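Derivation of every value follows stated rules applied to the coordinates shown; laboratory data play no part. Quick caveat: nothing in here was measured; it's all calculated off a predicted structure. Using ideal geometry, Cβ is built from the backbone for each residue, glycine included, and neighbour counts are taken over all protein chains shown.
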Amino acid sequence: MQVVRPAGLAEALALLAAHGADARPLAGATDVMVRVKEGQWQVPLWLDIRRLPELNELKISDDGATVTIGAAVPYGRMLREPMLAAHAPLLCQTVRTIGAAQIQAMGTLGGNLGTASPAGDALAALNALEAEVQLLSAADGERWIGVERYVTGPGRTVRRPDELIGAVRFATQPPEESSLWQKLGPRGAQAISIVSLAIRLRREDGGRVTFARFAFGAVGPTVLRARRCEAAITAVGAPDEVMLRSVGQLAWREVAPISDIRATAEYRQQMAAALLTRGLLHLLGGQRDG
Ligand SMILES: Cc1cc2nc3c(=O)[nH]c(=O)nc-3n(C[C@H](O)[C@H](O)[C@H](O)COP(=O)(O)OP(=O)(O)OC[C@H]3O[C@@H](n4cnc5c(N)ncnc54)[C@H](O)[C@@H]3O)c2cc1C
């Protein structure tokens, strides 16, 4: 495997355009090294894009409404950034559970989006945040696409071989919003999620839920938004415990898991409902967790 470090963004894009599917970007290499070793990804030319300044920006817009994170910003740097802790607590909570310190020192959002695993943890949080992905190419300059449309299947995305993921952007979470990241795996760290769930909620003073975003990981071919559950919880007045449990149970029908070596489809369905119920009980009303 040949690795080259382009001198700048223009050179990286030119190399991708010239080599097509024979060249691929490499960021933290935490997925690349595993897949190359297992013989799954045989790519003649890897482009080390970690140090490209354009892919290492981390900023909030002047009006405080939008956060932009470069595709090559390592998770560890994100976790040290007070602005993200204040304005994107869901993503910070999620990133803290990705691998352990070594993976967080190297891994990136661009890599999580590049691999596009249905169990990609950052992908689930970005989905709940309704983030957009920036795709850069020599031919077209830039285009932005919603993260839900960006991933089309397990490991499949709309990214063309000549395109580089430049950044992700999303609206900041307002202070009145509550959010929660939950991940069920065989161990506390260094394990692929069996089921994961990102929750965002906003409530009126009276307790009615006005905004809900639920994004499940590892229970379908891509990260899945539980839109029926979101609609159910925003359709009623202040939800009581019975209502919260029934919304949680609806998740059964929202997810489409498969059985694999980590868990059966039925177990994943049960756990999806359990995680949503538990999360709702935790965030709304202080009832004891499900
Ligand atoms: C021990 C271990 C534990 C892990 N734990 C977790 C976990 O808990 N949760 C989780 O979600 N993942 C986990 N992972 C997977 C991995 O760490 C993450 O997916 C990480 O985000 C990958 O980022 P990276 O920068 O290392 O990607 P890389 O390995 O460099 O790249 C991955 C893919 O993305 C592409 N890519 C990278 N950057 C770009 C770009 N800018 N534009 C276009 N394509 C790009 C590459 O070509 C490649 O196809 C784990 C991996 C290991 C080895």
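Which residues does a label at Ala191 reach in the range 94-111, if reach means a backbone N under 20 Å from a point 7 Å past the Cα toward the Cβ?
It comes to 94-104, nothing else.
How many nm separate the modelled label positions at Ile261 and His19, each set 7 Å beyond the Cα in the direction of the Cβ?
3.0
With an 8 Å Cα cut-off and a minimum separation of 6 or more residues, compute the relative contact order for the chain in percent.
15
As an exercise, use a Förster radius of 35 Å and the Cβ-Cβ distance of Leu79 and Val242 to find the FRET efficiency, rounded to the nearest 0.05.
0.40
In whole Hz, with x marking every Gly and Pro, tabulate ³J(HN,Hα) for the range 140-149 from phi via Karplus 6.51 cos²θ - 1.76 cosθ + 1.60, θ = phi - 60°.
Those phi angles translate into 10, x, 10, 9, 10, 9, x, 4, 5, 7 Hz.
Using all C-alpha to C-alpha distances in the range 113-232, build P(r) with 10 Å bins and read off the rounded percent in each one.
13, 39, 32, 13, 2, 0
Under the Kirkwood approximation for Rh and a Cα-based Rg, what ratio Rg/Rh is obtained for the range 40-183?
Ratio of gyration radius to Kirkwood radius for the range 40-183: 0.94.
For the range 92-163, would you read off the P(r) tail past 19 Å as a percentage of all alpha carbon pairs?
Distances greater than 19 Å cover 35 percent of the Cα pairs.
Name the residues whose placed amide hydrogens come within less than 5 Å of the amide hydrogen of Ala131, ignoring near sequence neighbours (fewer than 5 apart) on the same chain.
Amide H neighbours of Ala131, under 5 Å, 5+ apart: Val147.
For the chain, restrict the atom set to alpha-carbon positions and state the Rg and Dmax in Å.
When restricted to the Cα atoms of the chain, Rg and Dmax are 19.3, 60 Å.
Between Ala235 and Glu176, what is the label-to-label distance in nm when each label sits 7 Å out along the Cα-to-Cβ direction?
2.4
Any idea what % of Cα-Cα pairs in the range 2-88 are farther than 21 Å?
Every Cα pair in the range 2-88 considered, those over 21 Å come to 43 percent.
Under 13 Å from the Cβ of Arg202, count the other residues' Cβ atoms, weight Lys and Arg +1, Asp and Glu -1, and hand me the total.
In short, -1.
Measure nothing fancy, just the Cα-based angle from helix 265-283's long axis to the longest principal axis of the chain, in degrees from 0 to 90, nearest 10.
Helix 265-283 sits at roughly 70 degrees to that axis.
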